[in-house]
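In what follows, a structure is listed as structure tokens, so that the remarks can point back to it.
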Amino acid sequence: MQVFKFGGASVKDANGVKNIAGVLQKVGYKNTLIVVSAMGKTTNALEVVIKNYFENRPELQSSLQEVKKYHNEILLDLFPNEQHPVYKKVASFFDELNSFLKSNKSPDYNFVYDQVIGFGELVSTLIISAYLNEIGLKNNWIDVREQIKTDNYYRRANVNWDETQRLITANFNKSVLNITQGFLGSDPNNFTTTLGREGSDYTAAIYAYCLNAESVTIWKDVPGVLNADPRYFENAQLLHKISYREAIELAFYGASVIHPKTLQPLQGKEIPLFVKSFLNPEAPGTRIGKNIALEPMVPCFIVKKNQVLISLSSLDFSYIVEENISEIFNLLHSFKMKVDVIQNSAISFSVCVDNIYNNLDKLLHHLKAKFKVTCHENVSLYTIRHYNQAAINQIEEGKTVLLKQLTQETVQIVSK
Ligand code: ADP
Ligand code: ASP
Ligand code: MG
């Protein structure tokens with residue numbers, strides 16, 4: 001078995017869907033499962049729908065209409081005959097979404113989010129499956145919610161591995177080309193759950209684990225994993241080989257090319273992960289596996305924009321010790337701040353955090369009651385793995401460095 005994952009960028013339009021067929025024909029699709037995300041930016045568009053719904057905004061209908069129109073244009077390009085049954089099937093998914101919004105009584109944002117957002121992947125895989133069937137790549141469409149079971153922690157559900165393994169073992173037909181949705185699962189009451197934004201990579205890893213697959217390939221708009229995000233760094237270089245450990249570190253520090261949860265199940269069974277270009281499918285891309293030395297051995301850069309640097313010192317020049325630190329961390333945890341860097345000295349303590357849930361004001365209010373607080377918003381956090389002086393100079397040039405921390409393999413620089 002091989003598992004392929006195609007992300008939103010690869011299926012952002014009809015040509016993208018045709019290109020998937022091209023990739024499968026070029027590299028082979030025997031004993032293959034393809035896991036696909038929502039098309040283009042559909043997940044973001046559905047997030048707008050959910051917001052409009054919860055805020056009772058009049059734009060609700062137009063935001064929904066936009067999602068339908070986008071998919072309809074792709075359908076028209078792929079299936080010129082509007083009598084094709086795929087039109088009815090897509091329409092019935094959108095009807096289901098409409099009736100959910102009409103009948104829902106739950107005030108739970110996260111629950112509603114998952115029930116609505118999942119239609120992106122459901123519709124996308126329906127269209128792609130129908131297109132592949134149409135051109136002779138016969139395939140079996142799987143509703144992933146019947147195979148990946150989770151708890152009901154909506155928006156960041158945890159996989160029930162035993163139940164998932166049992167369902168996949170009992171129901172998955174390995175001898176045909178299968179297609180299913182990334183990102184989704186279902187809870188014990190069969191309500192849709194999601195695995196966290198960008199979670200489709202993780203879905204591919206879950207299947208690979210349960211199917212004892214030979215490999216997973218993530219098809220991207222870049223040639224593979226590069227030593228830096230090409231959107232922010234010129235001359236980013238392709239990394240030919242990386243160890244699981246290095247990939248986990250890169251994902252942890254924020255390299256958005258692989259979802260951080262993806263590596264762990266693969267590492268457990270030593271299933272290699274390839275990252276390749278869907279525009280050049282025969283090129284080798286990047287191979288991630290066990291105990292592979294980074295090749296080439298070059299500094300790797302990761303940037304996280306829009307971070308917040310908070311520095312605290314005691315009001316009376318007393319030391320910041322275990323007790324204060326534990327209090328600070330309790331506050332960071334209760335306001336759901338993701339901590340990227342920590343630095344402390346006798347009377348001061350700094351953290352660089354990601355303010356994902358917009359709780360900064362509340363956090364600062366609590367901290368100011370106990371500490372002298374300085375806060376820099378909108379700072380960038382640069383992480384360089386396998387750094388050298390030239391790499392550090394490249395990042396620091398022309399910037400004000402607010403915090404810098406070196407360990408043997410990694411340097412982190414917070415700058416304005
Ligand atoms: P998908 O369509 O699979 O969701 P994404 O857009 O999430 O794909 O991920 C691909 C993008 O990740 C690339 O276009 C690139 O800008 C970005 N990226 C960030 N860090 C890296 C890196 N180290 N190597 C390659 N791409 C990276
Ligand atoms: N469609 C989801 C998202 O955009 C999942 C994914 O693409 O991996 O977050
Ligand atoms: Mg993505």
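No value in this document is a laboratory result; all are computed from the given coordinates. Note that this is a predicted model, so its numbers are computed, not measured. Here the Cβ positions follow ideal geometry from the backbone for every residue, glycine too, while neighbour counts run over all protein chains shown.
Some values worked out for this structure:
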read-out: The chain: radius of gyration over Cα atoms, expressed as a fraction of 2.2 N^0.38 Å; value: 1.07
read-out: Amide H contacts of Thr193 (H built 1.01 Å from N, under 5 Å, at least 5 apart or other chain); value: Gly185, Ser186, Asp187
read-out: Hull-based mean projected area of segment 233-297, where the convex hull spans the alpha carbons, in square nanometres; value: 4.8
read-out: Ranked Asp354, Asp95, criterion: other C-beta atoms within 10 Å, fewest first; value: Asp95, Asp354
read-out: Global size of segment 232-371 as Cα Rg and Dmax, reported in angstrom; value: 19.8, 64
read-out: Of Leu312, Leu75, Leu132, the one that fluctuates the most in a GNM where the chain has Cα springs shorter than 10 Å; value: Leu312
read-out: Karplus 3J(HN,Hα) series, Hz, for segment 345-350 with 6.51 cos²θ - 1.76 cosθ + 1.60 (x for Gly, Pro); value: 10, 4, 10, 9, 8, 10
read-out: Shape parameters for segment 329-369, alpha-carbon atoms, Rg then Dmax in Å; value: 10.3, 30
read-out: Pairs of Cα atoms farther than 27 Å apart, segment 289-416, %; value: 27
read-out: Descending principal axes extents, segment 161-278, alpha-carbon based, whole Å; value: 47, 28, 25
read-out: Angle in degrees between helix 42-54 and the longest Cα principal axis of the chain, rounded to the nearest 10; value: 80
read-out: Other-chain or far-sequence residues with amide H under 5 Å of Lys220's (modelled H); value: Lys276, Ser277, Phe278
read-out: Kirkwood Rh in Å, taken over all unlike Cα pairs in segment 2-89; value: 14.8
read-out: Extension gain (nm, one decimal) between Arg197 and Asn388, 0.36 nm per residue minus Cα-Cα; value: 65.4 nm
read-out: Relative contact order of the chain, pairs being alpha-carbon contacts under 8 Å that are 6 or more residues apart, as %; value: 13
read-out: Charge dipole magnitude, Cβ of K and R +1, D and E -1 - the chain, Cα centre, debye nearest 20; value: 300
read-out: The chain: most fluctuating residue of Ile310, Ile384, Ile20 per GNM, C-alpha cutoff 10 Å; value: Ile310
read-out: Stretchable slack from Glu322 to Glu163, in nm (0.36 nm times residue separation minus alpha-carbon distance); value: 53.1 nm
read-out: Distance from segment 311-351 to segment 104-138 (C-alpha centre basis), Å; value: 43
read-out: ³J(HN,Hα) computed for each position of segment 122-127 - Karplus, 6.51 cos²θ - 1.76 cosθ + 1.60, integer Hz, glycine/proline x; value: 5, 5, 4, 5, 4, 5
read-out: Acute angle (nearest 10 degrees) that the helix 85-103 long axis makes with the longest principal axis of the chain, alpha-carbon atoms; value: 50
read-out: For segment 380-392, 3J(HN,Hα) per residue [Karplus equation, 6.51 cos²θ - 1.76 cosθ + 1.60, θ = phi - 60°, Hz, x = Gly/Pro]; value: 10, 10, 9, 10, 10, 8, 6, 6, 9, 5, 4, 5, 5
read-out: Contact order normalised by residue count of segment 126-263, Cα under 8 Å, 6+ apart, percent; value: 19
read-out: Virtual spin-label span in nm between Ala346 and Gln61, 7 Å along Cα→Cβ; value: 6.9
read-out: Ellipticity estimate at 222 nm from DSSP helix runs (n ≥ 4, -39,500 (n - 2.57)) divided over the chain, nearest 500; value: -12000 deg cm²/dmol
read-out: GNM result for the chain, Cα springs below 10 Å: residue of Leu137, Leu315, Leu403 fluctuating most strongly; value: Leu315
read-out: Residues with amide H under 5 Å from that of Asn140, placed H, sequence gap 5 or more; value: Leu177, Asn178, Ile179
read-out: Cα gyration tensor shape of segment 92-194, rounded if a/c is under 1.5, else prolate or oblate by comparing a/b with b/c; value: oblate
read-out: Lys, Arg +1 and Asp, Glu -1 on Cβ, resulting dipole of segment 214-366 about Cα centre, debye, nearest 20; value: 480
read-out: Between 0 and 90°, nearest 10: helix 322-334 axis offset from the chain longest Cα axis; value: 30
